[in-house]
Amino acid sequence: MLSSKANWKYINNPPVEERDSIELAMSPVVKDLFLQRGITTTEEANQFMQPDLDDLFNPFLLQGMDKAVERIRKAAENQEKILVYGDYDADGVSSTVILLHALKKLEADCEYYIPNRFTEGYGPNESAFRQLHQAGFGLIITVDTGIAAVHEAEVAKELGIDLIITDHHEPQAELPDCYAIIHPKVSKDYSFKELAGVGVSLKLAEALIGELPKELLPFTAIGTIADLVPLVSENRILATFGLKELQRTSHIGLKALKQVCQLDEIITEEDIGFRIGPRLNAVGRLGSADLAVDLLLEEDYEVAVEMANELNLINDRRKKIVQDIVEEAMEMVQTDKRIIIVAKEGWNEGVLGIVASKLVQKFDRPAIVLAVKPEQGIVKGSARSIPAFDLFEGCMTVRDLFTHFGGHSQAAGMTLPIENLNSLETALNDILLQELSEEDFKQELNINATLDIEDIDVSLIEEIARLAPFGMGNPKPLFEIKEVPKEVRQIGSKKNHLKMQFTSVKGHVDTVGFGFGELKDAISPHTKVSVAGELSINEWNGRRNAQMMIKDLKITEWQLFDFRGKKAEQVLPDAIKEVFVSKESIQPVEPISTFTYEEAVSMDLTCYHTIGFTELPDNLDDVKQIIKQMNPKNIVVAIRHAANNYPFQFPSRKEFVDYYGLIKRHKQFRLAEMQKAIEQHRGWNEAKVSFMSDVFADLSFAEKKDGWIRYTEATNKKDLTESEIYQTCIKQKEAESILIYSNYQDLKKWFASHMDTSVNAREEVVYGL
């Protein structure tokens, strides 16, 4: 057996007849994906695959929009100085760019301001507002930030600044008292609550201009996808059309960014998530986000390319910083706690969210990673959670411990006094102990369907792609394959990746798992492997083949690892005893305890997963007893050599009769003198003759003494099986035949017959004894 890293949850497929309600020439697999998403009619399916900009909601349904638009237009007409106050992530940067474009269309006098993560922190701050007031700004519009800025709103009022807040983050108990708030979650008439900050910014831009500015949709797609909001309803429409517009955009800054990211004509949500988004985020993580905004606003291509290259270098530096902090944090983790909290002076707080994510992936625990600032007496950083724990709610129960706190169920940012750190750890650890079971801490994989290999081809994958863009709320489908792989091997220069090939009459499907290379030796031959992963198309040398990218794998049946012969010398320690056991099924040949057969049969081994045999037992009864008692998940047979106490082919009954006749005729003879003649006429070696002599002596049919064998008149008739010597040899030969000379399949059948005691009718394999 091999345990999965995650909890696999199988999504219930609707009744097969419900597929008929979707009258499209598509695979049943895809129809089931529609039904799982609550799409039950042909019209809904077409609408999902072909989003329409006309289905976007009226921006004036957002509370505060009328008032905000009136004030902004008035300011533009009067050439008042307008300030767009943004945030330093990809959503905040793209939100800033969209609103600046809209204001410039109104010929407004506008500038932008994004706080420095390190010197000012997240969101509006009093110092910035006072500086902006002195600079003559009478109207400030926040984008992707501000919903928690209660104090700063009071400062704005005091200064005579009209503050308009546009945001999408979770509203807290008290809302800022300001000129207007535009936020889906505080707008009762706006039915879609999950817009990103950039989506709210686009709504304001549309309301100001009087029509949807399609040329700004690429920025909307970037912010929406990078901020991981659910890609449903309006977000799906905005992301779909934004990706299309991004492919043909005329914006110079975006063209330069695409070139640096080495993006082809077709741009997907993954390109934003793994290429564009990280680069835009990197500048705000390491310093000022102004470079990202300036790049997206730049109109000179050569200048834009220089800025994009600088962005690229900053992102490379960010990767190195993350790697260094992750390595340090790993050493600080206390695995006995249900919450991970690590803090250190000198850590770059801009990348701590990424570090926290990596700790969650590694340890399956919520993680808080903080930079210590001793001169201020505070710690500041980010947190990430597991699906089973609402981080926002958990932290809100101890809100008084924080100086600043904000976020949602899976991610948060925070600042708190150093002296509150232990209290925070204790409080959150107690909550996790009370609310979550051990099983809840494993990551979750939602499996959409189990597929046969013959079901998987390029056409199916192309149909599934019509459900893109994928993301939160519309996850890329996960499928399970449960088959015996034809080939299992390690790939990559470090052999740290895994490749398995599954075949069918229609062809083959390769599965590739990055970082799964260590599991290669935990998969035994002829074993059915369950693989969970995403389907994709591998294009190579003009050929297009279906493949699966592995997310997790498991083996639900017990496994036999055959390391008999020379191979055992390479994989087993020299000092090992006859039997070893291990609790770790992934490393079946690294024992934690070793015993003799005599010790093992008298012990309770049920707490172990793996049992291994390295020496031949005197008989198979010990092995049967151990297997029956333990019912192991893995069995390792690594017999290094046979004792060879009986170096001959076991005598047949006729050979025993012939030899007894020889003894009876001669009455007595010296064994050494008769051996040559016996070997010439019968072909029996010395060991075989000695063994038969011992059996007859044991049965009192003869006397063996001082190198002589003498005939003895038998008083009682006895069978050969009554001899202990005969039985010992039989058992030894049986053990050799099964544990040394049998093939893999027969050996596995033999073990199976002694593991499942409920099946008594199973026929035992015959080995010709």
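The values are calculated or read from the model by the stated rules, or taken from the named source; none is laboratory data. These figures come from a predicted structure and were not determined experimentally. We place every Cβ from the backbone using ideal geometry, glycine too, and count neighbours over all the protein chains shown. All accessible areas refer to the heavy atoms of the entire protein, side chains included, with ligands and DNA or RNA removed. Shrake-Rupley method; radii C 1.70, N 1.55, O 1.52, S 1.80 Å.
Only one of these conditions is not met by Q376: (1) assigned to a loop (DSSP other than H, G, I, E, B); (2) under 20 Å from the mean Cα position of the chain (by Cα). Which number is it?
Tallying (1) assigned to a loop (DSSP other than H, G, I, E, B); (2) under 20 Å from the mean Cα position of the chain (by Cα), Q376 fails exactly one: (2).
Out of everything in region 480-521 that is part of a loop (DSSP other than H, G, I, E, B) and aliphatic (A, V, I, L, M), what residue ends up being modelled with the lowest pLDDT?
Within region 480-521, the subset part of a loop (DSSP other than H, G, I, E, B) is 484-486, 492-496, 505-506, 514-516.
Filter again for aliphatic (A, V, I, L, M), leaving 484, 505.
Details: V484: 95, V505: 85.
Checking each candidate, the answer is V505.
Output the residues belonging to region 700-713 that are over 14 Å from V657 (Cα atoms) and not charged (D, E, K, R).
Matches in region 700-713: S700, G707, W708, I709, T712.
Confirm whether Q334 is open to solvent by 70 Å² or more (accessible area, probe 1.4 Å), over 24 Å from E439 (Cα atoms), out of contact with any helix residue (DSSP H, G or I) (no Cβ under 6 Å at 6 or more places or on another chain) and outside any helix (DSSP H, G or I).
Criteria not met by Q334.
Could we say that Q323 is at pLDDT below 95, open to solvent by 10 Å² or more (accessible area, probe 1.4 Å) and not β-branched (V, I, T) here?
Answer is no for this residue.
Within region 431-450, track down each residue that is in a loop (DSSP other than H, G, I, E, B) and under 25 Å from G473 (Cα atoms).
Step one: filter region 431-450 for residues in a loop (DSSP other than H, G, I, E, B), giving 436-437, 442-443, 448.
Across region 431-450, the qualifying residues are L436, K442, Q443, N448.
Among the residues of region 669-677, are any more than 23 Å from I730 (Cα to Cα) and not in a helix (DSSP H, G or I)?
For region 669-677, residues more than 23 Å from I730 (Cα to Cα) and not in a helix (DSSP H, G or I): present.
Examine region 114-122 for a residue that is among the polar types (S, T, N, Q) and open to solvent by 10 Å² or more (accessible area, probe 1.4 Å), and state whether such a residue exists.
yes
If you go through region 132-163 one residue at a time, how many are under 44 Å from the mean Cα position of the chain (by Cα), open to solvent by less than 40 Å² (accessible area, probe 1.4 Å) and over 23 Å from V69 (Cβ atoms)?
Count: 1.
Can you name the condition, by its number, that C178 falls short on among (1) open to solvent by less than 10 Å² (accessible area, probe 1.4 Å); (2) of a type outside the set (G, A, S); (3) farther than 20 Å from A226 by Cβ?
Status for C178: all satisfied but (1).
Which helices (runs of 4 or more DSSP H) does region 118-233 wholly contain that include 1 or more residues that are farther than 21 Å from M472 by Cβ and in contact (Cβ under 8 Å) with a residue 12 or more places away in the chain? Spell out the reasoning first.
Details: elements: 126-134, 150-159, 197-209, 217-226.
The qualifying helices (runs of 4 or more DSSP H) are 126-134, 150-159, 197-209.
Considering only region 629-648, I want to know if a residue exists there that is open to solvent by 40 Å² or more (accessible area, probe 1.4 Å) and assigned to a helix (DSSP H, G or I).
Scanning region 629-648, I find at least one residue that is open to solvent by 40 Å² or more (accessible area, probe 1.4 Å) and assigned to a helix (DSSP H, G or I), so the answer is yes.
What number goes with the only condition from (1) assigned to a loop (DSSP other than H, G, I, E, B); (2) open to solvent by 30 Å² or more (accessible area, probe 1.4 Å) that R73 does not pass?
(1) is the only condition that R73 fails.
Of (1) more than 30 Å from A371 (Cα to Cα); (2) out of contact with any Ser or Thr (no Cβ under 9 Å at 6 or more places or on another chain); (3) open to solvent by less than 30 Å² (accessible area, probe 1.4 Å), E306 satisfies all except one. Which?
The single condition E306 does not satisfy is (3).
Name the residue that is least open to solvent (accessible area, probe 1.4 Å), counting only residues in region 14-37 that are in a loop (DSSP other than H, G, I, E, B) and more than 18 Å from E463 (Cα to Cα).
P14
Any residue at all in region 294-315 that is in contact with a Pro (Cβ under 9 Å, 6 or more places away or on another chain) and in a loop (DSSP other than H, G, I, E, B)?
no
With out of contact with any helix residue (DSSP H, G or I) (no Cβ under 9 Å at 6 or more places or on another chain) and closer than 21 Å to F118 by Cβ as the only criterion, which of L286, L291, L313 stands out? Let's see the steps before the verdict.
On the way: L286 fails: out of contact with any helix residue (DSSP H, G or I) (no Cβ under 9 Å at 6 or more places or on another chain); L291 fails: out of contact with any helix residue (DSSP H, G or I) (no Cβ under 9 Å at 6 or more places or on another chain).
L313 is the lone residue from the list that is out of contact with any helix residue (DSSP H, G or I) (no Cβ under 9 Å at 6 or more places or on another chain) and closer than 21 Å to F118 by Cβ.
What are the pairs, 6+ residues apart or on separate chains, where a residue within region 733-757 that is under 12 Å from I627 (Cα atoms) has its Cβ under 6 Å from a residue that is open to solvent by 20 Å² or more (accessible area, probe 1.4 Å)?
Here the result reads W750/V765; S753/R762; S753/E764; H754/K624; H754/K628; M755/N631, each pair linking region 733-757 to a residue that is open to solvent by 20 Å² or more (accessible area, probe 1.4 Å).
Here is a yes/no grid of residues against (1) among the charged types (D, E, K, R); (2) open to solvent by 60 Å² or more (accessible area, probe 1.4 Å); (3) modelled with pLDDT of 95 or more:
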position: A367; (1), (2), (3): no, no, yes
position: L391; (1), (2), (3): no, no, no
position: F405; (1), (2), (3): no, no, no
position: L416; (1), (2), (3): no, no, yes
position: N420; (1), (2), (3): no, no, yes
position: K442; (1), (2), (3): yes, no, no
position: L478; (1), (2), (3): no, no, yes
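Give me a count of the residues in region 76-113 that are open to solvent by 30 Å² or more (accessible area, probe 1.4 Å) and in a helix (DSSP H, G or I).
4
Can you tell me how many residues in region 678-709 are in a strand (DSSP E or B) and either hydrophobic (A, V, I, L, M, F, W, C) or surrounded by 20 or more Cβ atoms within 10 Å (Cβ to Cβ) (or both)? Steps first, please.
First pass over region 678-709, keeping only residues in a strand (DSSP E or B): 702-705, 708-709.
Adding the requirement that they be either hydrophobic (A, V, I, L, M, F, W, C) or surrounded by 20 or more Cβ atoms within 10 Å (Cβ to Cβ) (or both) leaves 702, 708-709.
Final tally of qualifying residues: 3.
Taking the residues in region 504-545 that are touching a strand residue (DSSP E or B) at 6+ places or on another chain (Cβ under 8 Å) and hydroxyl-bearing (S, T, Y) as candidates, determine which candidate is surrounded by the fewest Cβ atoms within 10 Å (Cβ to Cβ).
Restricting to residues being touching a strand residue (DSSP E or B) at 6+ places or on another chain (Cβ under 8 Å) and hydroxyl-bearing (S, T, Y), the top hit is S536.
Can you tell me which residue within region 480-503, out of those that are among the acidic types (D, E) and either over 21 Å from A6 (Cα atoms) or more than 18 Å from the chain's Cα centre (by Cα) (or both), is least open to solvent (accessible area, probe 1.4 Å)?
Let us first name the residues in region 480-503 that are among the acidic types (D, E), namely 480, 483, 487.
Among the residues that remain, those that are also either over 21 Å from A6 (Cα atoms) or more than 18 Å from the chain's Cα centre (by Cα) (or both) are: 483, 487.
Numbers: E483: 56, E487: 74 Å².
Among residues in region 480-503 that are among the acidic types (D, E) and either over 21 Å from A6 (Cα atoms) or more than 18 Å from the chain's Cα centre (by Cα) (or both), the one least open to solvent (accessible area, probe 1.4 Å) is E483.
What are the pairs, 6+ residues apart or on separate chains, where a residue within region 443-468 that is farther than 22 Å from E269 by Cβ has its Cβ under 6 Å from a residue that is open to solvent by 60 Å² or more (accessible area, probe 1.4 Å) and of a type outside the set (G, A, S)?
The qualifying pairs are E454/K506.
Which of the residues belonging to region 718-753 are in a loop (DSSP other than H, G, I, E, B) and among the polar types (S, T, N, Q)?
Answer for region 718-753, where residues must be in a loop (DSSP other than H, G, I, E, B) and among the polar types (S, T, N, Q): S723, S742, N743.
Which ones in region 42-70 are assigned to a helix (DSSP H, G or I), crowded, with 18+ Cβ neighbours inside 10 Å and over 40 Å from the mean Cα position of the chain (by Cα)?
Within region 42-70, M65, A68, V69 qualify.
Evaluate the following for I354: is it assigned to a helix (DSSP H, G or I), β-branched (V, I, T) and touching a Phe, Trp or Tyr at 6+ places or on another chain (Cβ under 8 Å)?
no
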